Every structure is written in structure tokens, then in C-alpha cells.
Amino acid sequence: MVDRAVRPGDVAVMRLSDGGFGACQVTGVDGRVTSAYALRWHSVDRPSLDELRGVEPLMLDHHAHHGRLAHLSIGSWHAVPPGFAWIGNLPVPEGVPALSNTYSGWQSLADDVVRQRRWDRELPAAAKAAYRAAATRGEVDVDFGAGTATLGAATPRLLDLSGAGSMPVPTSGPVRWSALDQLPRCTALTWAGPDRGLARALADHPIVSSLTWRDAPPVVDLTDTGLQHLSLSGADVREVRLPRGLHGLELAAADPGLAVYAADGGRWLHLILTGADAETTVPAGLHGVREVALDGGGTMFVNAVRELKKLESVRIHWRKPPGQLIDAAALASLTRLAVIELVDGYGLDADTLPELTSLTQLSISGLRRSIVPDFKARYRGTGVRLVIEGAKPDTWLAANLNTRSGTGSTTTPEVEPPPARHTPARSAPLTSFCRTVIGEPTKLNWLCAPWLRRSTRSTRSTRSSTRCAERKPSTRSWNSPPGLRSQRIWPTSGSTSGVTSN
């Protein structure tokens, strides 16, 4: 995505995680916040500006949504994804507000298109009808084979069946997976140990789109499921087969011998590697991955991503001091790397990163205040948009770096910052997904993270933001203006699996 200033009416084509193309339009720019909305458009080929003229806005009515406009406000921390391309300017539809009071990142606009399309075209009618009907149902008795529990049919969107939650599950033997029929609004599961029919149950309940699986077995086959997000851990895991619709994969302390089978070599995945260290590598089979987040200790290593020649975006989050990056020079070989996000890298210097001709945005949250001028000087006039927040005095770091929270980190993971000090890079406990449970208003904590997907706090904080070259944003919000044509919204035929883009 070429760096540029944006103005109301600007239209961008969005590369989608299902292989197709969507579009969004800017509605307003207010300081470091840009508002944009998604258009109701999905196509196999990249659309032209003329094709998008008059296309109606995307109204979300999947799951618990009731016709809300897919309109967001986006702060400067969030880089415009490399898969977005600005193609021109069109009039903003009458009645569309300039700014939205829902805050998130650019990628959420693309995700909204994919989630709505999945609801409209892929989920069985019976599953959608049961989801809606359960909203007014009372309590139900649920039994997975280890005793009955009474739950509200409308409430358990995240169900813990790992044995650590309140729902009793047999410790061995068969599981009565038919109990999920009583919970048609359950969209996320937590599980632990052997499969025991889990994959088959997920295939039979495609409304479940998010799974956390701990202590997973050597072979994990989720090919036939409707999962979109998977968090997987287990010392014995050696082979993982993913469904084509999955676009969020989190692996905890993955074994170096792990092989992952994903569509197009993982091209459509956002990959998160937690517990990253010197031995961490990207699993075999994911050579096509374009977005990676590394989450680890005090010293991080670039060797984990150096072989990903198609990598466009990388995020590194240090959980302990000293916040150093080893072998950063290896990033120079990644000729498509456009976005870098660094969180709590207190051991970084302004010259740590190599020269990257493809870099368009560098976002840093948490570093020594004494080196901020050096960063600004290095990137001034280079075409790189530099965003810095959370810089701390060296004296404060010396006194607190190894003491606060007893974790060796300057952050306090269990205490959310107040709205006036909202920091997108730390707004949730784990990864870079601030996606909601398949787009529902309720969030999954393990999915939430620095690339904020859906937050209701303002991103206008006291962060220090330096723009060495103005970059574009996008925004939108409203309630259904009349008279807009809805041309070529969901194509009636044609696969998006083979779409390529620059």
C-alpha cells in the first residue's frame, strides 16, 4: 500500500482472507483517527472504481448483529494493510456519518465482509435459524456425558470443555457431543487432550468458528470444520490439517518438526507464534504466510521468519526484559515486508532494524524515551510512517523494568489502562487478533490483541505519533441510506480460491 494522505470519499480495494476482493470508503478524518465503512461487495477479480460506483454499504446482520453498518474509526497505530489499494474517490452516500464511535483496525473492515458472506452463503439455514431462535429461549439442561448442567441457551458463546471450566466432561471414553445441539449460539470452544470425536462434532456444528485446543494429540485434522480461528498447543503435535476457511492460527511453543497443511501454503493465514525463542521456526507447509506475530520473552530472534519470502507484516512483542532483537539484519532479505510493529522493545536502538526499501509503516509501543529523537531522525523524509507511543524515561525503566508486576515486564497484564490512556498495542492479553467471536459483539480474550479488531475506546491517547510520510486511512458509519444500487454483491458463481494480487 503506497503511503498517501486520505480524504473523505477515497475508496480502497481490500484483499480478503477468503481469496476474494472487497472494498471500503473513507467517511471522515479527525486528527490521527480515520473513519471508513465496508461496501457490500465481494468478487473474484479486483474491482474498478466504476464497478463500485453506487454500491450500497455493508450492513451486518450475521449472528447477533441486527443491521449495523460496518463502519469503524481507526487510529494511527494501525497501518493500512499491504493488501489494500486506493483506487480513487467517490461521493460518500447521503446520511452516512463522518465518524464512527466504534474503534478498531483496518483489517476489521475486510473481516466484516468475509464474516457476513460466510453467514449469507456458507452456513446452513438450519444452523442460522437455531442461532436466532435461541436468543429468546430460557435455560436448558446440557449433558456431555459427565452430568447435567443448566445453562441459558442464549448465553454460552464461549464454552470451556477442557475440564478446567464449570461444564462437566468425561475424563475418558466417549463424549456426548449431541449436547451442542442445545447450545446453538455457541461459537467458540476450549478443549484439551485427545480428539475423542471433537473434529467430527465441529464439522456437524459449523456455527462453531473458534477453537482453543490444549495438549493436542500428534495428529490434528480439522479439515471438514467451519473454523476460522484456531489456538493450538501441545508438546506431541506433529501434523495439523486446517480447513480452507481458517484465517487465524496461533501456535504455542510449536515443535520444530511440526508440519501444517493449509490452503495455498498459509497464504490467507495470520500466524501467531507464542512462547517464541531462538528455536522457534515457522512450521513446514506455511511458506506462503504474509502476516506473522511473534510473542515471547526478553530476547527475540528474526530467524523464525527469515524464510518467509512473501512476508508483508510482522509484529514482535517482548514479554520480559531486556527487549532485544537478534539478527535483525536478516529482515533485509524480506523484500515485501511493509509493516513492522514492535511492543516493549526496551533494548532496541534506532539502528537495530536494517534498511528496508519496502517498509511503509513502523509502529512502536514501549521503548526508551532517550532514543525517540534518533528514531525520528532516521525515518524523517524516508517515506516510512513512524508511530511511537508509550516511550518511558530511562530513569523510570531502571527503577521498574525488573520489578513491576513481578514479571520482569513494564506492562501490567491483568489491569486494563483507563480509556484516556488507551494503548492499542496492549489492549488485550494475547495475540494480534482483536477479532470478535466470528464478528459477534462478545470478544474472545485469546483473540484480542494489538492489531485491534473491535474496541469501543477512543484511540486518541497521549501517544507520540510521528509521520515521516502521510499514510492513508479509511472510515465509515451510518444507518441505511435509500436508493443505493446493490450491484454484484455476492457473485452467484465462481471460486475465489485462485485469486492472486500484488
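The values are calculated or read from the model by the stated rules, or taken from the named source; none is laboratory data. Bear in mind the structure is a predicted one, so any value in this text is a computation, not a measurement. Here Cβ is always computed from backbone atoms with ideal geometry, including for glycine, and neighbour counts include all displayed protein chains. Heads up: the accessible areas ignore ligands, DNA and RNA and are worked out on the full protein's heavy atoms, side chains in. Shrake-Rupley method; radii C 1.70, N 1.55, O 1.52, S 1.80 Å.
Protein heavy-atom accessible surface, 1.4 Å probe, per residue over the range 183-241: 32 Å². The figure for Lys376 is an accessible area of roughly 60 square angstrom, using a 1.4 Å probe on the protein chains alone. Normalised by 2.2 N^0.38 Å, where N is the number of residues, the alpha-carbon radius of gyration of the range 43-176 equals 1.47.
All other residues with a Cβ under 14 Å from the Cβ of Ala146 taken together, and with Lys, Arg as +1 and Asp, Glu as -1, what is their net charge? That works out to -1. The figure for Ile207 is an accessible area of roughly 10 square angstrom, using a 1.4 Å probe on the protein chains alone.
Between Asp30 and Asn101, full extension at 0.36 nm per residue minus the direct alpha carbon distance yields a gain of 24.3 nm. When the surface is traced with a 1.4 Å probe over the full set of protein chains, Trp86 keeps roughly 40 Å² accessible. Under 16 Å Cα to Cα from Lys310, which aspartates and glutamates show up? Leave out anything in the same chain fewer than 8 places away. Excluding near neighbours in sequence, the set is Asp264, Glu291.
Backbone geometry of the range 206-218 corresponds, through the Karplus equation with coefficients 6.51, -1.76 and 1.60 at θ = phi - 60°, to 3J(HN,Hα) couplings of x, 5, 7, 10, 10, 9, 10, 10, 9, 6, 5, x, x Hz, x marking Gly and Pro. With one equal scatterer per alpha carbon and no solvent term, the Debye-computed log10 I(q)/I(0) for the range 212-365 at 0.14, 0.15, 0.16 1/Å reads -0.66, -0.75, -0.85.
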